[in-house]
Structure formats: C-alpha cells, structure tokens
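Peer 1: So that we are looking at the same thing, I have put the structure below in structure tokens.
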C-alpha cells in the first residue's frame, strides 16, 4: 500500500496496472472544516448525526457490519504489508 496517505490526497497503487491506466493514481478530495465537533470535519459531524437519526427512527445504517468488516480487512493489510515488506492479500471471510 505504498503511497497511501492521510489527508486531502489519496495515492493508490495497483498490483497489476491496466493497459490503459498508469499503475499509480492520485485522487484529491475536499474535507470541509466544521469547528466545534470531534475532528473538526463536516463529514464526521454528518456521520454522527446520521447515526443518531437512524437510532431514533429505527432505520438501518447505510454502512452495515459486512462493509465494516471489509474495511477492517483492508486496514489489517495496510499495516501488515509494510511490516513484512511484501504484498499481503486481505484475510478471507
């Protein structure tokens, strides 16, 4: 996961580049500020607000346990790959 950074830029490196695209891409995105909330970011405020509204209205979250498990698998790989200096496939299941 070389090139992966926290901030307004996300670098993505593919194991096998497609013929029509470069092996590394950089994506830029805007993270609006919102003072007075945890993390000082609008997206964190929106996420917490959506969660509370879902609890109050008994609505299922947009991101459920299966999606959260997928993200956790990616995080495991992101930490393990640089430690072992090898490509690490996400754990199954």
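The values are calculated or read from the model by the stated rules, or taken from the named source; none is laboratory data. The structure displayed is predicted, hence computed values, not measured ones.
Peer 1: Checking the structure you have, find out if any residue of the stretch 58-72 is at pLDDT 85 or above and over 17 Å from the mean Cα position of the chain (by Cα).
Peer 2: yes
Peer 1: For the stretch 1-52, name all the residues that are at pLDDT below 80 and part of a strand (DSSP E or B).
Peer 2: Result: 9, 10, 11, 12, 13, 24, 25, 26, 27, 28.
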